[in-house]
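Every number here is computed from the coordinates shown, using simple stated rules; none is lab data. Just so you know, these numbers come straight off a predicted model, no measurement behind them. All Cβ positions, even for glycine, are placed from backbone atoms using ideal geometry, and neighbour counts span all protein chains on display.
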Amino acid sequence: MEIGKRIKELRGSKGWNQEVFAEKCFVSRQTVSSWENDKSYPDIKSLLLMSELFEMSLDDLVKGDIVEMKKEINNESIRQYNKWSNLFAVGFLIGILIPYPLVRFFKWWGLLVFALYWVALLVVALRIEAIMKDNDIRTYKEIVAFTEGKELSKDEKVAEKAKRPYQQVLMAIGSGALALAVFLLMHLIFG
């Protein structure tokens, strides 16, 4: 965060030492030192008082920190998306491979286990969907840009939004066809 550096710079431009500035903010000199050394962050009351003392808007006072916070939130979203999507990918592959053995060896109980497995995988998919919705991403191009921490241009975003309904339908059909093909292949091999 940059607020500590910003406070020190603005305090210096007014010619105030930490003691004088602390009195103006109604805090201790140690608190000012903690802010300036990024050991703590000022509360909202102190930030509002500083914006008045430095004769600037609150937005201008914390602007660098807001940009930094947005980057950190975005990075955390990317980490969460990658974690859940990797889990889903592994689960999906397993889900394609296990139905035939389950049905063959456990009959109808195997179908029940398989259904429960897909319910669990659906929960993972819903978590991924929530992350995608929060970050307004749906298409492959948007997902790739998101995972690389990039943003699409306005024209690219409009073009990708037009593709969204088609890509989701095609992915659902393709997934179902792949699962059916693997099931039939296993039936031919082991049947």
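Coupling constants for segment 5-13 follow from the phi torsions by the Karplus curve (6.51 cos²θ - 1.76 cosθ + 1.60, θ = phi - 60°), and in residue order they are 4, 5, 4, 4, 5, 5, 4, x, 5 Hz; glycine and proline get x. Once backbone amide H atoms are built at 1.01 Å from N, Ser28 has no partners under 5 Å, excluding neighbours fewer than 5 places away on the same chain.
Sequence-ordered 3J(HN,Hα) estimates for segment 180-185 from the Karplus curve with 6.51, -1.76 and 1.60 and θ = phi - 60° stand at 5, 4, 5, 4, 5, 4 Hz, glycine and proline given as x.
Magnitude of the charge dipole for segment 3-56, about its Cα centre and with charges confined to Cβ atoms of Lys, Arg (+1) and Asp, Glu (-1), is about 100 debye. With all projection directions averaged, the alpha carbon convex hull of the chain covers 16.2 nm².
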